[in-house]
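Okay, structure first, notes after.
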Amino acid sequence: MNIQIILFIVLASVAAVSSVVMITRKNAVISAVFLVLNFFALAGLYLLLNAQFIAVVQIIVYAGAIMVLFLFVLMLLNTETEHKLFVDKRAIKFFSILVSAFVFVQVAYLIFFGHPSRTLTPDEAASVKAGTIQAIGQQLYTNYIIPFEIAGFLLLAATIGALVLAKKKFE
Amino acid sequence: MPQNNYEYFLLMPQLIIAVGIVLSVLIEITTKKSEQILPWLSIALFVAAAFDSVFNINQNFVLFGGMIEVGGKPAIFNFIFNIGAALVVLSSIDYLKKYGTYYGEYYILVQSSVLGMMVMSGAKDILMIFMGLELMSICFYVLAGINRKKLSANEASMKYFLLGAFATGFIVYGIALIYGATGTTSIQNLVENFVTYSSNIIFVLGFVFFLIGFSFKIAAVPFHMWVPDVYQGSATTVTSLMSTTGKAAAFSVLMIMLSAVFSGASNVFRPYFATISALSMLFGSIVAISQTNLKRMLAYSSISHAGYMAIGLAAGNLFSVAGIIFYLAAYAFMNIGAFTIISIVEGENDSKTDLNSFAGLNAKSPILAASMALFMFALAGIPPLAGFFGKYYVFISAIQSNLTWLAILGVLSSVISVYFYIRVVVFMYFKGSVEDFEIQISPYSLTAVIITALLILVFGILPDTLMNVITSVIR
C-alpha cells in the first residue's frame with residue numbers, strides 16, 4: 001500500500017467521523033469545532049489531489065475566517081435558547097432529508113458512473129496547473145505585485161481603523 | 001517602456017506616501033508625542049508627493065505590466081489629492097483638540113486614504129481600481145466615526161459604511177460581469193474594443209452596475225441618501241477631505257473607464273449620465289435652500305456640484321475631460337476653504353455650525369468673513385473666480401456634444417444656488433451677531449484658508465495656466 005492511499009484513508013475517515021459527530025452534538029460550539037476539524041481533513045484531501053491553492057484557501061477562508069465568525073456569533077448568543085434550534089418540526093425534517101438525499105444521489109452518481117480514465121481537456125489541464133502554489137506565487141510577485149502590495153496597505157489601514165474604533169482606553 | 005529600477009523611480013509619489021505610512025506607524029508605536037510629529041510629517045510627505053508628480057508630468061508611462069499609469073492625467077490628480085490632503089491636515093491640527101480626537105492615528109488614516117486615491121487615479125487594471133477604492137473607503141469609514149463618544153459621528157460612520165459596502169457590492173458585481181463578457185480586467189483592452197463590447201448586453205449590464213456603484217461614491221441623485229447625514233455628522237475636516245479629494249478620485253476612475261468614449265467612441269451611457277446630472281443639479285440646489293446648518297447646506301451643494309461635473313461625463317468629448325479636471329481642482333480648493341472656516345468657527349459638540357453663528361462674522365474677524373465670502377462666490381460660480389471657469393468649461397463641452405438642454409438646466413440650477421450661497425454672505429456682513437461667542441482663530445487653519453483663497457483667485461484670474469497644463473497632457 002503506498003503512502004497516498006494510507007493518507008487518504010486516514011483523512012477520509014477523519015472527515016466522515018467528524019461530520020457525523022458534528023451533527024449529533026447538542027452543544028453548538030462543539031459542533032462548530034468538529035466542523036473545523038472536518039475542513040482540515042478536506043483540505044488534506046485536496047492536497048492529495050494536488051489542488052494546493054484550494055487546500056490553502058479552505059483552511060484560511062473556511063476554517064479560519066468563516067468558522068471564527070460562527071464561533072463568535074454562537075458565543076455571543078444566549079446558550080439558554082440553544083435547544084430551541086432543535087425543535088421537532090415535520091416540515092423541517094422532511095425538507096432536510098430531501099436535500100441530503102439529493103446531494104447523496106449526485107455524489108453517488110459521480111463516483112459510480114463517472115469516467116476516471118477520461119483524459120483532461122487542455123482547458124482543464126491549464127486550470128490544474130494554475131492552481132499550484134508555484135503558479136500563483138509567480139503571478140502574485142510579477143504581474144500583480146502592485147495590487148498585492150496595496151492589499152497589504154489595505155489590511156494595515158483596516159487594522160489601525162479597528163484599533164481606533166474599538167480600543168478600550170485612548171489617551 | 002522603462003525597465004527595472006527606473007519603474008520605481010517613476011512611481012515615486014505613491015512610494016513616498018507608502019513609505020510614509022509605515023514610518024508613521026512606527027512613530028506612533030515608539031513615541032508618546034506622535035500627534036505632534038505626525039501632522040508635520042504628513043504635510044511634508046504630501047507636498048513632496050505633489051511636487052514629484054508635477055515635475056514628472058511629462059513622463060507618461062504604464063508600469064508594472066499594465067497595472068498603473070504615471071505622469072499625465074494621473075499626475076494632475078495626484079497633485080489635487082496631495083495638496084488637498086496637506087491643506088486638510090494643516091487645518092486639522094488645532095481642530096482635533098477641540099473635537100476631542102487628538103490622536104496620531106488620524107494622520108495615518110488620512111495618508112492611507114490618499115494612497116488609495118493615487119492608486120485609483122493611475123489604475124490601468126480594474127483590479128487596481130477596486131483595491132484603491134477599498135483602501136480609500138475603509139479609511140473614510142473610520143475617519144467619519146473617529147470620535148467614538150459622539151453619537152452623530154457614530155451614526156455617520158455606520159451609515160457611510162453600510163451604504164458604501166452596498167455600493168462596493170454593486171461595483172464588484174459589475175466587475176464580475178465585465179470580466180465575464182471580456183475575459184480580462186485590463187483597461188487597455190477595454191478601451192481598444194469598447195465599440196465591440198458595447199453591443200454585448202452582459203458587458204453593458206456590468207458597466208451600468210459599475211456606474212451605479214460609483215454614482216454612490218460621487219454622491220449623485222438618486223444615490224445621494226447618505227450624503228447629508230454623513231457630511232454633517234463627521235468631523236468637519238474629515239468632511240472636507242471626503243467631499244473633495246474622495247469625489248475627485250471617484251471621477252478619475254469614471255474617466256478612466258470611459259476613456260474610449262472621450263476619444264471618440266459613441267457614448268452608450270449618455271442617457272444615464274444626463275439623467276443623474278440633471279437630477280443632482282436641481283435636487284441639490286433646491287433642497288439646499290431650506291437648510292440652516294452650514295455643513296448640511298454644503299452637503300447638498302456637493303450633490304449639485306457632482307451633477308455639474310456629470311454633465312462633462314454625459315458630453316464625453318476631450319474638452320469635457322479638461323473641464324471636469326479643472327472643475328475638480330477648483331471645487332477641491334474652494335470646498336476645503338469653506339469647511340476650514342466652518343471648523344474654525346465651530347464650537348464644542350457640533351455647535352455653532354448654523355447660519356446664525358455666522359451672523360456678524362465680519363465684526364469678529366474680517367479676514368475670515370472676507371475669505372468665506374470669496375469661497376461662497378466661487379461655489380456659486382461668479383466670475384472671475386475659479387468656480388465660474390469650472391462650470392463654464394463643462395457647459396461649453398455639453399454644447400459641443402449637442403446637449404444644450406443640459407447646459408441650460410445647469411445654468412438654471414446655478415442661478416437657484418446663488419440664493420443660498422449669497423445668504424451666507426448677507427448673514428456675515430449685514431446682520432448683527434445673534435450668538436455671543438469668541439472665535440479662537442488657529443494660525444494653522446488660517447494659513448490653510450489663505451492658501452486656498454489665493455489658489456481660487458489665481459485659477460480664477462488666470463484660468464489658462466491650469467487649463468493649458470491639463471489640455472497638454474490629455475492629448
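The values are calculated or read from the model by the stated rules, or taken from the named source; none is laboratory data. Quick caveat: nothing in here was measured; it's all calculated off a predicted structure. Please note: Cβ atoms are built from the backbone with ideal geometry, for glycine as well, and neighbour counts cover all protein chains shown. Surface areas here come from the heavy atoms of the whole protein model, side chains and all, with no ligands, DNA or RNA. Shrake-Rupley method; radii C 1.70, N 1.55, O 1.52, S 1.80 Å.
Let's see how each residue does on (1) of a type in the set (S, T, Y); (2) more than 10 Å from chain A (Cβ to nearest Cβ); (3) under 18 Å from B:F46 (Cβ atoms); (4) touching a Lys or Arg at 6+ places or on another chain (Cβ under 8 Å):
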residue	(1), (2), (3), (4)
B:I93	no, yes, yes, no
B:V110	no, yes, yes, no
B:V114	no, yes, yes, no
B:M117	no, yes, yes, no
B:Y141	yes, no, no, no
B:Y160	yes, yes, no, no
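Working carefully through the options B:I303, B:I276, B:I286, find the one that is closer than 23 Å to B:F427 by Cα and touching a residue at least 24 places away in the same chain (Cβ under 8 Å).
B:I286
Which of (1) modelled with pLDDT under 90; (2) exposed (fewer than 11 other Cβ atoms within 10 Å of the Cβ); (3) away from every other protein chain (no Cβ under 14 Å) is the odd one out, the single condition A:I97 does not satisfy?
For A:I97, the failing item is (1).
Taking region B:389-444, which residues are part of a helix (DSSP H, G or I), open to solvent by less than 70 Å² (accessible area, probe 1.4 Å), in contact (Cβ under 8 Å) with a residue 60 or more places away in the chain and more than 27 Å from B:S290 (Cβ to Cβ)?
Residues satisfying the conditions are B:F389, B:Y393, B:I396, B:S397, B:A398.
Can you pull out the residues in region B:445-468 that are surrounded by 18 or more Cβ atoms within 10 Å (Cβ to Cβ) and within 24 Å of B:A75 (Cβ to Cβ)?
From region B:445-468, those surrounded by 18 or more Cβ atoms within 10 Å (Cβ to Cβ) are B:445-446, B:448-449, B:451-453, B:455-456, B:459-460, B:463, B:466; that's our starting set.
If the condition is that a residue be surrounded by 18 or more Cβ atoms within 10 Å (Cβ to Cβ) and within 24 Å of B:A75 (Cβ to Cβ), then B:A448, B:I451, B:T452, B:L455, B:I456, B:F459, B:G460, B:P463, B:L466 are the ones that fit.
For the structure I just gave you, tell me whether B:K124 is in contact (Cβ under 8 Å) with a residue 60 or more places away in the chain and within 21 Å of the chain's Cα centre (by Cα).
Yes; evaluated as a whole, the condition is true for this residue.
Restricting attention to region A:158-165, does a residue exist that is open to solvent by 100 Å² or more (accessible area, probe 1.4 Å), part of a helix (DSSP H, G or I) and among the polar types (S, T, N, Q)?
No: region A:158-165 contains no residue that is open to solvent by 100 Å² or more (accessible area, probe 1.4 Å), part of a helix (DSSP H, G or I) and among the polar types (S, T, N, Q).
Would you list the helices (runs of 4 or more DSSP H) that sit entirely within region B:1-107 and hold 1 or more residues that are open to solvent by less than 60 Å² (accessible area, probe 1.4 Å) and in contact with a Pro (Cβ under 8 Å, 6 or more places away or on another chain)?
Passing ranges, in order: B:5-10, B:34-55, B:73-99.
Listed here are the residues, each with its yes/no results for (1) under 24 Å from A:N143 (Cβ atoms); (2) away from every other protein chain (no Cβ under 12 Å).
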| position | (1), (2) |
| --- | --- |
| B:S24 | no, no |
| B:T30 | no, yes |
| B:L45 | no, yes |
| B:I68 | yes, no |
| B:P74 | yes, yes |
| B:N78 | yes, yes |
| B:I83 | no, yes |
| B:A86 | no, yes |
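Any residue at all in region B:111-121 that's in a helix (DSSP H, G or I) and open to solvent by 40 Å² or more (accessible area, probe 1.4 Å)? Steps first, please.
Step one: filter region B:111-121 for residues in a helix (DSSP H, G or I), giving B:111-121.
Going one step further and asking which of them are open to solvent by 40 Å² or more (accessible area, probe 1.4 Å), we end up with none.
Within region B:111-121, none of the residues are in a helix (DSSP H, G or I) and open to solvent by 40 Å² or more (accessible area, probe 1.4 Å).
Taking region A:126-155 as the search range and keeping residues that are at the interface with chain B (Cβ under 7 Å from one of its Cβ atoms) and part of a helix (DSSP H, G or I), which one is farthest from B:E134 (Cα to Cα)?
The selected residue is A:I145.
Just to be sure, is B:E105 at pLDDT below 95 and touching a Ser or Thr at 6+ places or on another chain (Cβ under 9 Å)? Explain how you work it out, then say what you get.
Working: at pLDDT below 95: yes; touching a Ser or Thr at 6+ places or on another chain (Cβ under 9 Å): yes.
In short, yes.
If only one of B:I171, B:I146 is farther than 30 Å from B:T31 by Cβ and either open to solvent by less than 10 Å² (accessible area, probe 1.4 Å) or within 13 Å of chain A (Cβ to nearest Cβ) (or both), which one is it? Full working, then the answer.
Details: B:I146 fails: farther than 30 Å from B:T31 by Cβ.
Answer to the selection: B:I171.
Taking the condition at pLDDT below 90 and small (G, A, S), does B:G432 pass?
Numbers: at pLDDT below 90: yes; small (G, A, S): yes.
It is true that B:G432 is at pLDDT below 90 and small (G, A, S).
Can you tell me which residues in region B:174-183 are within 14 Å of chain A (Cβ to nearest Cβ) and either in contact (Cβ under 8 Å) with a residue 40 or more places away in the chain or within 13 Å of B:W226 (Cβ to Cβ) (or both)?
Residue satisfying the conditions is B:I175 alone.
If you go through region B:365-381 one residue at a time, do you hit one that is hydrophobic (A, V, I, L, M, F, W, C), out of contact with any Cys (no Cβ under 6 Å at 6 or more places or on another chain) and part of a loop (DSSP other than H, G, I, E, B)?
Checked region B:365-381: no residue is hydrophobic (A, V, I, L, M, F, W, C), out of contact with any Cys (no Cβ under 6 Å at 6 or more places or on another chain) and part of a loop (DSSP other than H, G, I, E, B).
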